[in-house]
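See structure below.
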Amino acid sequence: MGWDELRERTRQEFAKRWDLALGQIGGPFPRDGRLPQSQDSRRFFFTPAEVPEILRCLRERLPEVVEGTVNQAEQICEHRFDLLGYEGVDYGMRIDWHLDAVHGKRAPRRAWFRVPYLDFDHVGDAKVIWELSRHQHLVTLAKAYRLTGEGRYAQELFRQWYDWNDQNPYGIGINWASSLEVAFRSLSWLWIWHLLNGCSVIPEHFSFHLRRALALNARHITRFLSTYFSPNTHLLGEGVGLFFIGTLCPELHSARRWQERGWQIVLSEAERQVRSDGMHFEQSLYYHVYALDFFLHARILADVNGIPVPIQVDQTLDKMLGVISAMGQAGPLPRFGDDDGGRLFDSRRNRLMHLLDPLATGAALFNRPDFKATAGGIREETVWLMGTEGVSRFEKLPSTQQAVCSFCLEPSGIYVMSNVKPVRSQLVIDVGPQQAGRVGHRHADALSVQLAVGGKMLLIDPGTFAYVDSVRERDWFRGTAAHNTVQIDRSHQAASAGPFRWNSVPSANVDCWMTGKNFDFFVASHNGYERLSDPVRHTRAVFHLKSSFWLIRDVLQGAGKHHLEASWHFAPGSVSTIPGGAAFVVDNQAALALLFSANQNYSQRIVEGWYSPVYGRKELSPILQISTDAQLPAEFATLLIPAPRVDTSPSLLETMEPGRNGVGTSVYRFSTSGNANCLFFFAGAPGRWEIGSWASDARFLFCATSADDSPRHIVICDGTFVEVRGRRVFNSAEGPVRGEWSLSECADRVSSIDSTATCGFAVPPELQATSICASEADSNHEWRDSRGLAGKGRSQLTVQTCD
């Protein structure tokens, strides 16, 4: 701890006990509980006069949302709640606001700082209790009243509001234990007030009671900010809560101070929590959207109240939106790290598909047709935040999708191989961030992959399930074995130090990232297992032949004998063995063939595992586990082939004998039913190698051959020549190059490949994907096919240089 942290923590410890003493004599006694002024000088997202127009817009454009809101209100009136992933949780005749009704456990009613909210045995899952006490369901009741005019919804709202305050005196109980939860509750209360402002159903003294309660909330948040305890979305959400209270309740004594402090937190956290590529620093896509929601709401409220919004904030928002837009273009969004299960506007929109919601608001806010195209349609949240004018702007935008291409978010260590033909497909590789940061919500998943084809997830991240539970399932869900990567000696890549802490977090190095018109190629390694008594380094290479397949090669370098296990987690469906691998079927349709080859004897088995689509829910899903006890070094390869049908006699992936001349090189051959071959050469070091009829000095070489073994497509990485049967088919006099060439199907000549690598996924330029710059070969590059046809110059070869 530095001195600043030590002073702040000491101050907070004193403040906790001072507040407890005040509470015993009926305090605190805020000076902020006076009646509001006759006319507020501040504006919410909408005025009372605009509400009928917004309701009419919702009925016309989103009738299913209106129906869902009313149905949900009916359930709420029966004290049955959808909380996180739990549906219809019954709280009985009178709600116990300290009860986790899912697990039947009640938090003790004592001073908030003495409640062990992470102790499942004593409290249950605090998130269940907190989710109910965020009072977002009261906003649903307010909207249902405005949509139907039925007073019973409003009456139920106020009954629950007063009952909560009776059961939760200031500072007592679990619902004061997190300043973020106090902020969430405050935001819900402000939404309630502005939805019902001017309606006759409001109790006579409610405005006074509400202002006093908001003053207590703001006081609590200010005194117990998560400056050092949890300086991530907790601190950001607390800042947003202060900003909203200070802005919308100007008559309160400390309003100006709360507004300024809250806005300062929002601005500083926008700079601190978001990396230069636009990704949130907690390495979780769910928390990325969580933070984005906070930033968007605060930014829009500031703008409508005439508070200057720095251009840097809009640039940050644009980049954050660009991340989810890019990841959502070629398939469902991937999942990284923890899934919190909560949302800022509508707590029920907490599935993976709902993480695209901010794009609708972003499209209207920044006039981005590509955001609109990825979002697919207007959202209720956008209607309330930006009114009918925002809806009109959204609808006038053309729905223009940017070209789909592979890209990477280099500072965050996320690499995406995308393609649209014959169907949209997307393989995502999670390397991990370049620099250490907040890791509480990160998983031990370095070099794991996820795959979506045709709009369906095939290889998945299993999710989170729960932060605390009776059997410590959190350790499995965030552990290495729960991800599509390699586990060594049955241990995680990082050592767990609690539900939100890791020791010795692995770091990774990306050695190569190439992307072109017809291929992508990636190589990286991590040091997570170098902490073992016999250190091991894991290197993973991924080659994508677009429209065809992905080859994944894993190399484990070290000494001694180790247990190695590669896990492949499939979406809910069925997996069966086929010669050389396994086939995955989902929705009664073939989806993926997985072929496997290794230089060791491996065993494979199919087991039932878990998949958590949302916090609190888990479903069975199949896992293919491939394991061995091997002397290192060891390696194996996996081929992923989108399959339109299950073939009982599939193509074959096999390991070829390594060459005996030159540098040690591993070779894999993929043989298709038409007797054509795909060859993959991986050299262990720079230098010349010879294997069979092939010779080169490339660190990686891919070649697709025709039935007579003539090369038809070559990809070369860090090489100067390629020879086939003693004849040189490619030569570079200027040193190692990276590129590809293919033989035209209708002419005996080599065709130039126009790279698509420079395709970006967002504007402005700082959002452009890191890519490979392409340039054509000059006269010092020569090619010659296996039949002796030669050529020279700029029309034959595309040479690519790493960014």
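The values are calculated or read from the model by the stated rules, or taken from the named source; none is laboratory data. Please read these numbers as outputs of a predicted model, since none were measured by experiment. FYI the Cβ positions are ideal-geometry reconstructions off the backbone, even for glycines, and counts take in every protein chain you see. Surface accessibility is based on the protein's heavy atoms, side chains included, excluding ligands, DNA and RNA. Shrake-Rupley method; radii C 1.70, N 1.55, O 1.52, S 1.80 Å.
Residue count for region 712-725, restricted to those that are under 40 Å from the mean Cα position of the chain (by Cα) and either assigned to a strand (DSSP E or B) or farther than 20 Å from W741 by Cβ (or both): 8. Of all residues in region 454-466, those satisfying the criterion of being in contact with a Lys or Arg (Cβ under 9 Å, 6 or more places away or on another chain) and either of a type in the set (S, T, N, Q) or surrounded by fewer than 22 Cβ atoms within 10 Å (Cβ to Cβ) (or both) are G454, G455, T464. When region 581-629 is examined, which residues are found to be without any contact (Cβ under 8 Å) to a residue 40 or more places away in the chain and more than 23 Å from G454 (Cα to Cα)? Matches in region 581-629: Q600, N601, Y602, S603, Q604, R605, I606, V607, E608. Residues in region 461-482 that are assigned to a loop (DSSP other than H, G, I, E, B) and at negative phi: D461, P462, T464, A466, Y467, V468, D469, S470, V471, R478, G479.
Identify the residue in region 11-35 that is touching a Ser or Thr at 6+ places or on another chain (Cβ under 9 Å) and open to solvent by 40 Å² or more (accessible area, probe 1.4 Å) and, among all such residues, is modelled with the highest pLDDT. Across region 11-35, the extreme among qualifying residues is R31.
Restricting to region 550-561, and then to whatever is touching a strand residue (DSSP E or B) at 6+ places or on another chain (Cβ under 6 Å) and open to solvent by 10 Å² or more (accessible area, probe 1.4 Å), can you tell me which residue is farthest from L447 (Cα to Cα)?
Checked region 550-561; the qualifying residue farthest from L447 (Cα to Cα) is K561.
Comparison of A508, A482, A495, A541 shows that the only residue that is over 19 Å from G609 (Cβ atoms), within 24 Å of the chain's Cα centre (by Cα), among the aliphatic types (A, V, I, L, M) and open to solvent by less than 20 Å² (accessible area, probe 1.4 Å) is A541. Note on region 117-203: enclosed helices (runs of 4 or more DSSP H) holding 2 or more residues that are modelled with pLDDT of 95 or more and either charged (D, E, K, R) or crowded, with 20+ Cβ neighbours inside 10 Å (or both) are 126-133, 136-148, 151-167, 179-196.
The single condition from (1) open to solvent by 50 Å² or more (accessible area, probe 1.4 Å); (2) farther than 30 Å from Q12 by Cβ; (3) over 28 Å from the mean Cα position of the chain (by Cα) that V70 fails is (1).
If the condition is being of a type outside the set (D, E, K, R), under 22 Å from I300 (Cβ atoms) and open to solvent by 10 Å² or more (accessible area, probe 1.4 Å), then region 259-286 contributes Q259, W263, Q264, L267, S268, V274, Y286.
Output the number of the condition that P369 fails; it satisfies all remaining conditions of (1) more than 21 Å from D430 (Cβ to Cβ); (2) in contact with a Pro (Cβ under 8 Å, 6 or more places away or on another chain); (3) surrounded by 24 or more Cβ atoms within 10 Å (Cβ to Cβ). Evaluating P369 over (1) more than 21 Å from D430 (Cβ to Cβ); (2) in contact with a Pro (Cβ under 8 Å, 6 or more places away or on another chain); (3) surrounded by 24 or more Cβ atoms within 10 Å (Cβ to Cβ) leaves (3) as the failure. When region 446-460 is filtered for residues that are assigned to a loop (DSSP other than H, G, I, E, B) and over 13 Å from the mean Cα position of the chain (by Cα), the ones remaining, listed by number, are A446, L447, G454, G455.
Exactly one residue among A566, A598, A591 is modelled with pLDDT under 95 and open to solvent by less than 20 Å² (accessible area, probe 1.4 Å), and that residue is A591.
Is it fair to say F243 is in contact with a Lys or Arg (Cβ under 9 Å, 6 or more places away or on another chain), closer than 20 Å to P310 by Cβ and open to solvent by 10 Å² or more (accessible area, probe 1.4 Å)? Against the criterion (in contact with a Lys or Arg (Cβ under 9 Å, 6 or more places away or on another chain), closer than 20 Å to P310 by Cβ and open to solvent by 10 Å² or more (accessible area, probe 1.4 Å)), F243 does not qualify.
Does F702 satisfy the criteria of being open to solvent by less than 30 Å² (accessible area, probe 1.4 Å), out of contact with any Pro (no Cβ under 8 Å at 6 or more places or on another chain) and either part of a loop (DSSP other than H, G, I, E, B) or closer than 18 Å to W513 by Cα (or both)?
Considered against the rule, which asks whether it is open to solvent by less than 30 Å² (accessible area, probe 1.4 Å), out of contact with any Pro (no Cβ under 8 Å at 6 or more places or on another chain) and either part of a loop (DSSP other than H, G, I, E, B) or closer than 18 Å to W513 by Cα (or both), F702 comes out as yes.
Consider L225 carefully, then state whether it is in contact (Cβ under 8 Å) with a residue 12 or more places away in the chain and in a helix (DSSP H, G or I). Taking the combined requirement at face value, the residue does not satisfy it.
For region 230-240, does any single residue satisfy the condition of being open to solvent by 40 Å² or more (accessible area, probe 1.4 Å) and under 29 Å from the mean Cα position of the chain (by Cα)?
yes
Scanning region 483-514 for residues that are of a type in the set (F, W, Y) and either assigned to a loop (DSSP other than H, G, I, E, B) or closer than 23 Å to F700 by Cα (or both) yields F500, W513.
How many residues are outside any strand (DSSP E or B), touching a residue at least 60 places away in the same chain (Cβ under 8 Å) and within 10 Å of P622 (Cα to Cα) if we restrict to region 558-577? Of the residues in that region, 1 qualify.
Can you name the residue in region 515-524 that is open to solvent by less than 10 Å² (accessible area, probe 1.4 Å) and either of a type in the set (S, T, Y) or assigned to a loop (DSSP other than H, G, I, E, B) (or both) and, of all such residues, is modelled with the highest pLDDT? For region 515-524, the residue satisfying everything is T515. Taken together, P572, P622, P633 contain a single residue that is at pLDDT 90 or above, open to solvent by 30 Å² or more (accessible area, probe 1.4 Å) and closer than 26 Å to D489 by Cβ, which is P633. Residues in region 692-744 that are basic (K, R), modelled with pLDDT of 90 or more and under 20 Å from R669 (Cβ atoms): R699 only. With respect to the conditions (1) open to solvent by 70 Å² or more (accessible area, probe 1.4 Å); (2) part of a helix (DSSP H, G or I); (3) at pLDDT below 90, E8 lacks only one, and its number is (1).
The rows are residues; the columns are (1) closer than 15 Å to L355 by Cα; (2) among the small types (G, A, S); (3) surrounded by fewer than 19 Cβ atoms within 10 Å (Cβ to Cβ).
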residue: P250; (1), (2), (3): no, no, yes
residue: R257; (1), (2), (3): no, no, yes
residue: I324; (1), (2), (3): yes, no, no
residue: L333; (1), (2), (3): yes, no, no
residue: G337; (1), (2), (3): yes, yes, no
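Kindly indicate the residue of region 575-588 that is over 17 Å from L653 (Cβ atoms) and at pLDDT below 90 and also surrounded by the most Cβ atoms within 10 Å (Cβ to Cβ) among those meeting that condition.
V586
The residue of region 79-102 that is nearest to the chain's Cα centre (by Cα), among those that are open to solvent by 40 Å² or more (accessible area, probe 1.4 Å) and touching a residue at least 60 places away in the same chain (Cβ under 8 Å), is D82.
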